[in-house]
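Reading through the C-alpha cells given below for one structure.
The values are calculated or read from the model by the stated rules, or taken from the named source; none is laboratory data. As the structure is a computational prediction, the values presented were derived from the model and not from experiment. Glycine gets a Cβ as well: all are built from the backbone with ideal geometry, and neighbour counts include every protein chain shown. Please note that ligands, DNA and RNA were not included when accessible areas were found on the heavy atoms of the full protein model with its side chains. Shrake-Rupley method; radii C 1.70, N 1.55, O 1.52, S 1.80 Å.
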Amino acid sequence: MTLSSETRPQDGAESTTARVADVLLAFAGADSPLGITDVARATNLSKAVVHRIVQTLCSKSFVWQDPVTRKYRLGMAAFALADSANQASEFRRIGMSILADLTEATGETTTLSGRVGHRRVYVGQVESRQLVRISVQVGTALPLTVGASGAAILAFLPDNEIEAALAIPIPMMSEYTVTEPSEVRARLREVVRDGYAHTTNERVKDSTGFAAPVWSPSNEVVGCISIAALTSRLTPEREEDLGQQVIRAATTLTERLRGRIP
C-alpha cells in the first residue's frame, strides 16, 4: 500500500524567461493535464500570457495538447531534457547512493529535492520496502513554503528571498498546512536552530517529514535530503534519531559535492 530575488527582472527578455520557467514548473508539478486557467492560477500570470507561452512551448514539443480535452501536459522535448539533466547531474547521481543507504538504515522512504527559484523539485526517491510506506512523484515541483523539504531549503536563504517566497500565496494542501506567513517564519527559525526541518501531515495524512539542506561550493543551498515516515510508526526518540540521520546524510552529500556548510 502506498500513501500517496530581491532583484526582480528588469529586462524584458529576463522577465519572459522567468515566466516560461514558471509555466514549465507548473506542468512539472502536475499529476494530470492542465488547462490555461489551471496554469494561470499556479503561476499568478494572466491567462493571455500563459496562452502565448504554452503555444510557443507546444511548437517546440515541450508541451502537448490533448485534441479531445484541449488540456496540456509535458511533451517529448521536456522528457528528453529531463533525462539528459538526470544523467549529467552530480547532485542526483551522488545523492541517490546516499538515499539508498539512508533508506536501508531507517526503513523509510527517502527523497532528494533540488531548489528551483522559490520552488523545489523532487529529483530522486528510494522507497521503503515496508508494505505501508510513503511515496512521492519524482518531478513534482512544490513551493518552498510547504513541507519539511521546502522549509529545510527556505530557512537558509537570504531574508529577501524568504520574504519573496512568502509573498506568494501558500496553497492549502491538507487541513494541517501552515499558510500564515508569521507561522512559517517561526518554523524557519526552528529549522535554523535544529539544523533540520520536521513537519507532520503538512501535505499527506499520517506522513511526517524530516529534511536537511545540501550546500554548494559557493555556500548556497541547492536542495535537501528528506525522510518520509508514517507518523504512526514514530516515537519521540525515533523522531530525534531520524532528524540526526537526515542531517548526517545531507552533510555527506554536501561534502561529496565539495560544498561548504556555513
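May I ask you to list the residues of the range 234-250 whose amide nitrogen lies under 15 Å from a point 7 Å from Cα along the Cα→beta-carbon direction of GLN130? Answer for the range 234-250: 234-243. Spatially, the range 127-157 and the range 202-250 are offset by 9 Å when compared through their Cα centroids.
What is the sum of charges, Lys and Arg at +1 and Asp and Glu at -1, for the other residues whose Cβ falls under 11 Å from the Cβ of ARG187? In short, -2.
Annotation for SER97 and GLU180: the two label points, set 7 Å from Cα along the Cα-Cβ direction, are 4.6 nm apart. Annotation: per residue accessible area for the chain equals 51 Å², rounded to a whole number [probe 1.4 Å, protein chains only]. Charged neighbours of ILE153, selected by a Cβ distance under 14 Å, balance to +2 (K, R count +1; D, E count -1). For LYS60 and ALA167, the difference between the fully extended length at 0.36 nm per residue and the C-alpha to C-alpha distance is 35.3 nm.
Counting protein heavy atoms only, the chain has 52 percent of its accessible area on carbon and sulfur, 1.4 angstrom probe.
In terms of its C-alpha gyration tensor, the range 144-225 comes out oblate, because a/c is 1.5 or above while a/b does not outweigh b/c. Within the same chain, lysines fewer than 8 places from LYS60 are excluded, and of the rest, those with a Cα less than 30 Å from its Cα are LYS47, LYS71.
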